[in-house]
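Down below is the structure, laid out as structure tokens.
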Amino acid sequence: MARAVVLPAAPAVPVPRAPVAGDELPPTWPLPARPDPAFDRFARLVRAGLEVPISLVSLVSREGQAVPGASGLPAGQEDDRRHDLRHSICRSVVRAGRTVVHPDVRLVPELDGVPAPGLGIVAYLGTPLRDATGRVVGALCALDTRPRDWADDEVAVLEELAAAAASELALRQLLQERRTVVRTLQEGLTDRVVSPPGLEVRVRSLPGLDGERAGGDWCDVVVGGDRGAARAGAAGPVLVLGDVMGHDARASAVMGQLRVMARTTAWSFPDESPAQVLSRVDHAMAGLGVTSMATCVVARVETVPGTRPGAPVRHRLRWTSAGHPPPLLVRADGSAELLGQQPGVPLGVAPDAERTEAVVDLPPGATVLLYSDGLVERRGACLGARLRHLARAAGRRAGAPLGELVDAVVAEMLDDAGPARDDVALLAVRAR
């Protein structure tokens, strides 16, 4: 009978039992059950280095066996990367936590019927793959279709390659954790944005294309006490959209500070104009030593009496800009207009600079879009042309529900984004 050896060598090592207790395996795989170019490459290295017909990067969990890396699989099986756990020899590596050697699996009673049908596996060599926490989650294995006494140097080669594959796996997990943090931060930018009475609000906040940077974009809607009620003479809610310069952790930290400053100021001084709110934030930055620069637009949706007795109140937009792209007004008939105004200097440059304002009436059903430059700017593209593109994209969807308009506009504007796409924030408000 062929011996089953678990390395490091021991006088007597039990072969794996056929039944597998679910709680002995990881609950799920750290990678999806589909081909992965990096792990396919590791499998090819094993196949060439050990001169075996088949090699696999196998991940084992209670869900089954996933094979993100493979080389030498029969035709028709290259894309099938999810296997039944009952046919997994690699589970013995996960359970043992050490390299497992089988010169001939046919002579191991406990493995009777375990090798996957159709592969013709006779000899097996597998060594553990550990995740970022050090837990064994799979195996890098070499498979032969004939009996084979695995040499010590072959075991050493496989273990070295497994260490490299484990490093790749750990890196993937760490990057995924970063992406999760970024998503959480982005969701935190909009978790309290609600539609005030008489208005409908939708926001979108997207990280850069690599998904690993939260960036410095933020948007907010602030209602000061009961001043945001839809009644004549009400000051109305304040809309804020800003962009801190930079794409690193510091930009994200400054973004959080500025968001709190703007939110607190707009709520604490509900009767002040957008220009006054922006000036207070700029002075607070200087007083608190926040040295970063940021562009920002602050707008207030005001309600005004109707033109005749009994007529419904009307809406108008009063806004100011600190070096930010212009708001876009989309009327219900599909016409769209970029609201021109002197943009002013960015925040963090000249806190005593005079801030100017502009006012425009909002016809019934009109939509206003505030957005960060990541939505419109592209390297090598004319900014004016991109802004006109945005106006056309929004105008074509003027009659759509606001959420559909926002999603469609973002999708169209980002459709031609290159690999360096910036993070994006967009705030849309519609007068009901």
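The values are calculated or read from the model by the stated rules, or taken from the named source; none is laboratory data. No experiment lies behind these values; they were computed from the predicted model shown. We place every Cβ from the backbone using ideal geometry, glycine too, and count neighbours over all the protein chains shown. The protein model used for the area step is the full one, side chains on, heavy atoms only, and it has no ligands, DNA or RNA in it. Shrake-Rupley method; radii C 1.70, N 1.55, O 1.52, S 1.80 Å.
Miscellaneous remarks
- Within the range 270-284, the set of residues being hydrophobic (A, V, I, L, M, F, W, C) and out of contact with any helix residue (DSSP H, G or I) (no Cβ under 7 Å at 6 or more places or on another chain) comprises ALA275, LEU278.
- Criterion: on the phi > 0 side of the Ramachandran plot, open to solvent by 40 Å² or more (accessible area, probe 1.4 Å) and either of a type in the set (A, V, I, L, M) or part of a loop (DSSP other than H, G, I, E, B) (or both) - qualifying residue of GLY340, GLY380, GLY399, GLY334: GLY380
- Considering residues of the range 269-286 that are aliphatic (A, V, I, L, M) and out of contact with any Asp or Glu (no Cβ under 6 Å at 6 or more places or on another chain) only, the residue surrounded by the most Cβ atoms within 10 Å (Cβ to Cβ): LEU278
Yes or no, residue by residue, for (1) without any contact (Cβ under 8 Å) to a residue 60 or more places away in the chain; (2) open to solvent by less than 30 Å² (accessible area, probe 1.4 Å):
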{"site": "LEU317", "(1), (2)": "yes, yes"}
{"site": "THR320", "(1), (2)": "yes, yes"}
{"site": "HIS324", "(1), (2)": "no, yes"}
{"site": "LEU328", "(1), (2)": "no, yes"}
{"site": "PRO351", "(1), (2)": "no, no"}
{"site": "ALA358", "(1), (2)": "yes, yes"}
{"site": "PRO363", "(1), (2)": "no, no"}
{"site": "ASP373", "(1), (2)": "no, no"}
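- Looking across THR133, THR127, one residue alone is crowded, with 22+ Cβ neighbours inside 10 Å, among the hydroxyl-bearing types (Ser, Thr, Tyr), under 26 Å from PRO37 (Cβ atoms) and at pLDDT 85 or above. It is THR127.
- Residue list for the range 60-88, filter: open to solvent by 10 Å² or more (accessible area, probe 1.4 Å) and of a type in the set (A, V, I, L, M, F, W, C): ALA70, LEU73, ALA75, LEU85
- Here ALA411 fulfils each of the conditions (1) more than 22 Å from the chain's Cα centre (by Cα); (2) open to solvent by 20 Å² or more (accessible area, probe 1.4 Å); (3) small (Gly, Ala, Ser) apart from (1).
- Residue under evaluation ALA284, criteria (1) farther than 19 Å from ARG355 by Cβ; (2) modelled with pLDDT of 75 or more; (3) part of a helix (DSSP H, G or I), criterion not met: (1)
- For the range 220-233, the count of residues that are of a type in the set (Gly, Ala, Ser), at pLDDT below 85 and either under 17 Å from SER205 (Cα atoms) or open to solvent by less than 30 Å² (accessible area, probe 1.4 Å) (or both) is nonzero.
- Pairing residues of the range 74-88 that are of a type in the set (A, V, I, L, M) with residues that are surrounded by 14 or more Cβ atoms within 10 Å (Cβ to Cβ) and outside any loop (DSSP other than H, G, I, E, B), at Cβ distances under 8 Å and at least 6 apart in sequence or on separate chains, gives LEU85/VAL60; LEU85/GLY64; LEU85/GLN65; LEU85/ARG91.
- Exclusive hit being part of a helix (DSSP H, G or I), surrounded by 15 or more Cβ atoms within 10 Å (Cβ to Cβ) and modelled with pLDDT under 70, set LEU185, LEU169, LEU209, LEU161: LEU185
- Positions within the range 384-396 being open to solvent by 80 Å² or more (accessible area, probe 1.4 Å) and farther than 24 Å from SER195 by Cβ, in sequence order: ARG388, ARG392
- If you go through the range 104-124 and keep only what is of a type in the set (D, E, K, R) and open to solvent by less than 10 Å² (accessible area, probe 1.4 Å), you end up with nothing.
- ALA428 vs. criteria open to solvent by less than 30 Å² (accessible area, probe 1.4 Å), at pLDDT 90 or above and assigned to a loop (DSSP other than H, G, I, E, B): no
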